[in-house]
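Structure in structure tokens, see below.
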Amino acid sequence: MNDILPPESAKWEWLEDKVRNLMARFAYRNMRTPIVEPTALFVRGLGEVTDIVEKEMYSFEDKLNGEQLTLRPEATAGVVRAVVEHTMLYEGGKRLYYMGPMFRHEKPQRGRYRQFHQIGAEALGFPGAEVDAELILLAHSLWQEIGLQNVELQLNSLGQPDERKAHRSALIEYLEKNVDQLDEDSRRRLYSNPLRILDTKNPAMQDMVNAAPRLFDFLGEASLKHFDTVKSILDANGVKWTLNPRLVRGMDYYNLTVFEFITTQLGSQGTICGGGRYDYLIEQIGGKPAPAVGWALGVERVLELLKEQEQTVPALVSDVYAIVPDAGSLPAVMAVLQALRVAGVSVQMHTPTTAGEGMGSMKSQFKKADASGARFALIFGSDEMARGAVTVKSLRDGDGQQTEQPLATTAQWAATLQITG
């Protein structure tokens, strides 16, 4: 688990701002759920034989009342719980998004930590394939917004429960004939969750798994039509995709469309965003039957990939740096700075770090002003203050242009210099 400190935290804020703006354009609204939920919610929602439930959850007993609780390993189950609890679908479908920390007890590695952060989008109450495509377009639009490159979209369809049941029988029969090639983990899952065996990363099993019956071949007309609609919308929007018949995702609640955005630039942690349709989870958690679809992305992985691709993330810097030669003028200076902040200007004031050392020389203050990254320096010299003015010096245009501005009209000249723009 990591601390996120400045200036690194500015990258997180930048990404979050991009997400908020994009979600608003797609009409998705923010929701925030607790990081702790009843353990049974995740066991029921994710499936008892998933890696998350079996190995990775941080679960504990509340000593006050004996309740079994878990730090959320993912957010969809909590979102659905909240939607059911507050009868949010009573007036129709909802488009929602969230940001926040998740917790899984697994081996830390590049882009994967025990406290990690996800951004997710969920559309609940909409059965149509166009909403599956909309969510994929939403993620694709985010990659374009932040300049992310070399991300591949993989698609699959898991069909409906009766189709999966027929495939499951054929798959178990095939795996039984090849049981000597299964590793220990796959043998344990042979009868409880055989579909997850298809997603194995064990190289010794790849040829055998590649020859296994494909779920896609068991899909009926309605499931194929749903999937074809998703693909046609993506094609119409110029979004490239590849079919991956082994893509099953890690949770039990998915049906029909599943998808992942993957990269080869982060080692084994290649999935940066994944999701799909989960039409039966709402009923499973105790609500009235309703369709739903969503995705989640890993914030650490996205930022790591941007770094790997040398994409520039704008630094968080102040608009102006206030140079104050005389401490005696601080009351008047700080009144001006407050007026600037009210006008929307980001201001950093020079402040000594050692008690009794004074404000420091003009030369040292200018060095700190330049190092701050601010666009302008405001020089509150004694002569300017006597005239009721301040000198505004450009720090970024090369020739260091200076103008003198009256203190009485702070907001007006701030706008004239386009400091706020």
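Run down Leu198, Leu247, Leu243, Leu190 and say which single residue is under 30 Å from Lys18 (Cβ atoms) and at pLDDT below 90.
Just one listed residue meets the conditions, Leu247.
Against the condition under 28 Å from Pro245 (Cβ atoms) and in a loop (DSSP other than H, G, I, E, B), how does Thr351 come out, does it pass?
When the stated conditions are applied, Thr351 does not pass them.
If you don't mind, there's one more thing I want to ask. Of all the strands (runs of 3 or more DSSP E) wholly in segment 55-119, which have at least 1 residues that are in contact (Cβ under 8 Å) with a residue 12 or more places away in the chain and of a type in the set (D, E, K, R)? Let's see the steps before the verdict.
Working: elements: 58-61, 68-71, 94-103.
Correct list: 94-103.
If you check Gly344, Gly358, Gly298, Gly276, which single one turns out to be modelled with pLDDT of 90 or more, of a type outside the set (Asp, Glu) and on the phi > 0 side of the Ramachandran plot? Can you show your working first?
Numbers: Gly344 fails: modelled with pLDDT of 90 or more; Gly358 fails: modelled with pLDDT of 90 or more; Gly298 fails: on the phi > 0 side of the Ramachandran plot.
The match here is Gly276.
With the structure loaded, tell me whether Val248 is assigned to a helix (DSSP H, G or I), closer than 23 Å to Ala296 by Cβ and within 24 Å of the chain's Cα centre (by Cα) or whether it fails that test.
Working: assigned to a helix (DSSP H, G or I): no; closer than 23 Å to Ala296 by Cβ: yes; within 24 Å of the chain's Cα centre (by Cα): yes.
Answer is no for this residue.
Is it the case that segment 172-182 has a residue that's in contact (Cβ under 8 Å) with a residue 24 or more places away in the chain, surrounded by fewer than 19 Cβ atoms within 10 Å (Cβ to Cβ) and outside any helix (DSSP H, G or I)?
Looking for residues that are in contact (Cβ under 8 Å) with a residue 24 or more places away in the chain, surrounded by fewer than 19 Cβ atoms within 10 Å (Cβ to Cβ) and outside any helix (DSSP H, G or I), one finds at least one in segment 172-182, hence yes.
I would also like to ask the following. Looking at segment 319-332, can you tell me whether even one residue there is within 30 Å of Tyr28 (Cα to Cα) and either touching a residue at least 40 places away in the same chain (Cβ under 8 Å) or touching a strand residue (DSSP E or B) at 6+ places or on another chain (Cβ under 6 Å) (or both)? Outline the logic, then answer.
First, the residues of segment 319-332 that are within 30 Å of Tyr28 (Cα to Cα): none.
No: segment 319-332 contains no residue that is within 30 Å of Tyr28 (Cα to Cα) and either touching a residue at least 40 places away in the same chain (Cβ under 8 Å) or touching a strand residue (DSSP E or B) at 6+ places or on another chain (Cβ under 6 Å) (or both).
Follow-up. Select, from Thr200, Thr257, Thr264, the only residue that is among the hydroxyl-bearing types (Ser, Thr, Tyr) and open to solvent by 40 Å² or more (accessible area, probe 1.4 Å). Give the steps one after another, and end with the answer.
Working: Thr200 fails: open to solvent by 40 Å² or more (accessible area, probe 1.4 Å); Thr257 fails: open to solvent by 40 Å² or more (accessible area, probe 1.4 Å).
After ruling out the rest, the residue left standing is Thr264.
Continuing with the same structure: Could you grab me the full set of residues in segment 141-171 that are open to solvent by less than 20 Å² (accessible area, probe 1.4 Å) and in a helix (DSSP H, G or I)?
Leu142, Trp143, Ile146, His167, Leu171
Report, by residue number, each residue of segment 370-412 that is part of a strand (DSSP E or B), of a type in the set (A, V, I, L, M) and over 39 Å from the mean Cα position of the chain (by Cα).
Ile379, Ala389, Val390, Val392
I want to confirm something. Restricting to segment 304-336 and keeping residues that are under 35 Å from the mean Cα position of the chain (by Cα) and under 14 Å from Phe380 (Cβ atoms), which single residue is modelled with the lowest pLDDT?
Let us first name the residues in segment 304-336 that are under 35 Å from the mean Cα position of the chain (by Cα), namely 304-321.
Checking which are under 14 Å from Phe380 (Cβ atoms) leaves us with 320-321.
Numbers: Val320: 91, Tyr321: 94.
In this case the residue turns out to be Val320.
Which residue pairs have Cβ atoms closer than 9 Å, lie 6 or more positions apart in sequence or on different chains, and pair a first residue in segment 379-403 that is free of Cβ contacts under 8 Å to residues at least 40 places away in the same chain and closer than 16 Å to Met334 by Cα with a second residue that is open to solvent by 90 Å² or more (accessible area, probe 1.4 Å) and of a type in the set (Lys, Arg)?
Note: no pairs meet the criteria.
Matching residues to (1) under 13 Å from the mean Cα position of the chain (by Cα); (2) crowded, with 19+ Cβ neighbours inside 10 Å; (3) of a type in the set (Asp, Glu):
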residue: Ala77; (1), (2), (3): no, yes, no
residue: Val83; (1), (2), (3): no, yes, no
residue: Tyr90; (1), (2), (3): no, no, no
residue: Gly93; (1), (2), (3): no, no, no
residue: Leu96; (1), (2), (3): no, yes, no
residue: Pro101; (1), (2), (3): yes, no, no
residue: His105; (1), (2), (3): no, no, no
residue: Tyr113; (1), (2), (3): no, no, no
residue: His117; (1), (2), (3): yes, yes, no
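Taking the residues in segment 376-416 that are closer than 15 Å to Arg341 by Cα and open to solvent by 20 Å² or more (accessible area, probe 1.4 Å) as candidates, determine which candidate is modelled with the lowest pLDDT.
Ala411
In addition: Could you list all residues from segment 310-343 that are closer than 20 Å to Gly360 by Cβ, open to solvent by less than 60 Å² (accessible area, probe 1.4 Å), outside any helix (DSSP H, G or I) and not hydrophobic (A, V, I, L, M, F, W, C)? Before the answer, list the steps.
Let us first name the residues in segment 310-343 that are closer than 20 Å to Gly360 by Cβ, namely 318, 320-334, 336-337.
With the extra rule that they be open to solvent by less than 60 Å² (accessible area, probe 1.4 Å), the set shrinks to 318, 320-325, 327, 329-330, 332-333, 336-337.
If we keep only those that are outside any helix (DSSP H, G or I) too, we end up with 318, 320-325.
Ser318, Tyr321, Pro325, listed by residue number.
The values are calculated or read from the model by the stated rules, or taken from the named source; none is laboratory data. Bear in mind that the values here come from a model prediction, so they are computed numbers and not experimental data. When we count neighbours, we look across all protein chains shown, and the Cβ atoms used for this are built from the backbone with ideal geometry, even at glycine. To get the accessible areas, we keep the full protein, side chains included, count just its heavy atoms, and leave off ligands, DNA and RNA. Shrake-Rupley method; radii C 1.70, N 1.55, O 1.52, S 1.80 Å.
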